[in-house]
Protein chains: 2
Amino acid sequence: MNGSKMLGVLGGMGPLASAEFMRRLTLLTPAERDQDHIPAVLWSDPRVPDRTAARIAGGEDPLAALLRGIAGLEAAGCGAIAIPCNTAHGWFDAMQAATPLPILHIVDAAAADLARLGIVRGTIGVMGTAGTLAMRLYQQRLAARGYDCLVPDEAEMEALVTPAIARVKANAVAAAYAPLADAATHLAARGAQAVVLGCTEIPLGIAAGPPLPFPVCDTLDALARAAIAWARG
Amino acid sequence: MNGSKMLGVLGGMGPLASAEFMRRLTLLTPAERDQDHIPAVLWSDPRVPDRTAARIAGGEDPLAALLRGIAGLEAAGCGAIAIPCNTAHGWFDAMQAATPLPILHIVDAAAADLARLGIVRGTIGVMGTAGTLAMRLYQQRLAARGYDCLVPDEAEMEALVTPAIARVKANAVAAAYAPLADAATHLAARGAQAVVLGCTEIPLGIAAGPPLPFPVCDTLDALARAAIAWARG
């Protein structure tokens, strides 16, 4: 029984992705009954200012809202924090500096998942929000592990990825499949041996249609696996 | 924007059902972007002692664990509490006496959903845990609204409903469909004009196969609709 370790989940960015994170956390935990599962508190605050708008369009800074959530998870007695929003990791250092609790980094979780898939170097496609790509969250952290990153070009972002992410946030999940599958297929055609679904809305859209015919790293599953490893460790 | 009202969700009973409740809450909320969704805190504590075992087999009383969760949701600043576990409502009065926050009663939410389906009196089938049925949570509260309740017999509970609920809690969701569909079909054949899925694991199992050919009241959706009405009200 996972008696003493309670996971904190800083979510709501978006709320469907964080609900799905809780499902994946549960489904990936070996369990025979309720009491075998991992205790967790999900702080689902969709009012956090838009992370991409803050980074590339002069929008309101989300840090104060992120820190309110972290303080809430600390007060609840959590022992570590997972954040099922890739773009929010642009504020990782400031969040980690503000709490004694370890924050599980979603890019490290993705790298561990690529290794689990047997992919330990080479060219990786990365899909994400315009904010995540502009902050080079994956490009820098994966380069340090020996991967090269390919990302969608600006036209693909504007026509495919950005509107598809917005559709998921507006509950129009099925409509997000085709543009996301197109963008991922373009990355594979350009030489990516695997594609990281590096925005937590993207796996929801991709799950709404047939599986892609190349390896994908689902950052919801990757972060859930990292959280389970923490809880069991 | 749902700025000021934060929903508290006392969950983990089981954790897959409460994660699915958060998904339903999101999908049933009209929204165009993250900031349109309802702020919520999910306290997912699967360590709460088994509710049915406490009521019918002399197991540990869950009330202390339930009250710890409610205190955590109060401290987080929530304005109301939803509990996506039918059996836990056997402790409703004690929980409501311990908090100034309104607790949305899942049986009232189910009754509102029956009315939404156009069913305002008559014979209703109710599936639930052995604890929920033994406590007569639905039988009493629906009788007061003019419904008669039919429930599975003991043989159906032992062979079909109880093991299916356990399968969902052990992540074997697909294996729960057939026994749950059988039990529901028996209730319809005995004259139920609709069947209440009165344990939050049951809608997960039923969603794993073809839709049932008679009206069902899904208590996850019903409670989500009640929570949205509270948040918007």
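The values are calculated or read from the model by the stated rules, or taken from the named source; none is laboratory data. Given the structure is predicted, the values throughout are model-derived calculations rather than measurements. Cβ atoms come from the backbone with ideal geometry, glycine included; neighbour counts cover every protein chain shown. SASA here: full protein model, heavy atoms, side chains in, ligands and nucleic acids out. Shrake-Rupley method; radii C 1.70, N 1.55, O 1.52, S 1.80 Å.
Would you confirm whether any residue within the stretch A:126-138 is without any contact (Cβ under 8 Å) to a residue 24 or more places away in the chain and under 16 Å from the mean Cα position of the chain (by Cα)? The answer is yes, given that some residue of the stretch A:126-138 is without any contact (Cβ under 8 Å) to a residue 24 or more places away in the chain and under 16 Å from the mean Cα position of the chain (by Cα). Taking every residue in the stretch B:103-123 that is of a type in the set (A, V, I, L, M, F, W, C) and pairing it with any residue that is open to solvent by less than 50 Å² (accessible area, probe 1.4 Å) and not in a helix (DSSP H, G or I), at least 6 positions away or on another chain, the pairs with Cβ-Cβ distances below 6 Å are B:Ile103/B:Ile81; B:Leu104/B:Ala82; B:Ile106/B:Asn86; B:Ala110/B:Val196; B:Ala110/B:Cys217; B:Leu114/B:Cys217; B:Ile119/B:Ala194. Inspect the stretch B:147-155 for any residue being under 22 Å from A:Pro30 (Cα atoms), of a type in the set (Ser, Thr, Tyr) and without any contact (Cβ under 8 Å) to a residue 60 or more places away in the chain and give the result as yes or no. Checking the stretch B:147-155: not a single residue is under 22 Å from A:Pro30 (Cα atoms), of a type in the set (Ser, Thr, Tyr) and without any contact (Cβ under 8 Å) to a residue 60 or more places away in the chain. Any residue at all in the stretch B:103-112 that is closer than 22 Å to B:Tyr138 by Cα, at pLDDT 95 or above and not aliphatic (A, V, I, L, M)? Among the residues of the stretch B:103-112, at least one is closer than 22 Å to B:Tyr138 by Cα, at pLDDT 95 or above and not aliphatic (A, V, I, L, M), which makes the answer yes. As for the stretch A:168-191, it holds at least one residue that is of a type in the set (Val, Ile, Thr) and under 25 Å from B:Thr26 (Cα atoms). Tallying residues that are closer than 13 Å to B:Ile56 by Cβ and in contact with a strand residue (DSSP E or B) (Cβ under 8 Å, 6 or more places away or on another chain) within the stretch B:133-165 yields 1. The number of residues in the stretch A:138-193 that are charged (D, E, K, R) and under 21 Å from A:Met13 (Cβ atoms) comes to 3. Can you find, within the stretch A:59-68, the residue that is nearest to the other protein chains (Cβ to nearest Cβ) among those that are open to solvent by less than 20 Å² (accessible area, probe 1.4 Å) and among the hydrophobic types (A, V, I, L, M, F, W, C)? Only one residue tops the list, namely A:Ala65. Taking the stretch B:2-31 as the range and being out of contact with any Pro (no Cβ under 6 Å at 6 or more places or on another chain) and facing another protein chain (nearest Cβ under 7 Å) as the test, the residues that pass are B:Gly3, B:Met13, B:Gly14, B:Leu16, B:Ala19, B:Glu20, B:Met22, B:Arg23, B:Leu27, B:Ala31. Could you list, in sequence order, the residues of the stretch A:103-133 that are open to solvent by less than 30 Å² (accessible area, probe 1.4 Å) and among the β-branched types (Val, Ile, Thr)? Across the stretch A:103-133, the qualifying residues are A:Ile103, A:Ile106, A:Val107, A:Ile119, A:Ile124, A:Val126, A:Thr129, A:Thr132.
In this structure, is A:Ile56 touching a helix residue (DSSP H, G or I) at 6+ places or on another chain (Cβ under 7 Å), more than 8 Å from chain B (Cβ to nearest Cβ) and not hydroxyl-bearing (Ser, Thr, Tyr)? Yes. When restricted to residues that are open to solvent by 40 Å² or more (accessible area, probe 1.4 Å) and away from chain A (no Cβ under 11 Å), the stretch B:75-93 contains 1. Is it true that some residue in the stretch B:94-102 is assigned by TED's automatic domain parsing to the domain that holds B:Ser18 and open to solvent by less than 20 Å² (accessible area, probe 1.4 Å)? Checked the stretch B:94-102: at least one residue is assigned by TED's automatic domain parsing to the domain that holds B:Ser18 and open to solvent by less than 20 Å² (accessible area, probe 1.4 Å). Scanning the stretch A:32-46 for residues that are surrounded by fewer than 22 Cβ atoms within 10 Å (Cβ to Cβ) and either closer than 19 Å to B:Arg23 by Cβ or more than 7 Å from chain B (Cβ to nearest Cβ) (or both) returns a single hit, A:Asp36. Suppose the filter is of a type outside the set (Phe, Trp, Tyr), open to solvent by 30 Å² or more (accessible area, probe 1.4 Å) and at positive phi; does B:Gly12 pass it? Spelling it out, it is not the case that B:Gly12 is of a type outside the set (Phe, Trp, Tyr), open to solvent by 30 Å² or more (accessible area, probe 1.4 Å) and at positive phi.
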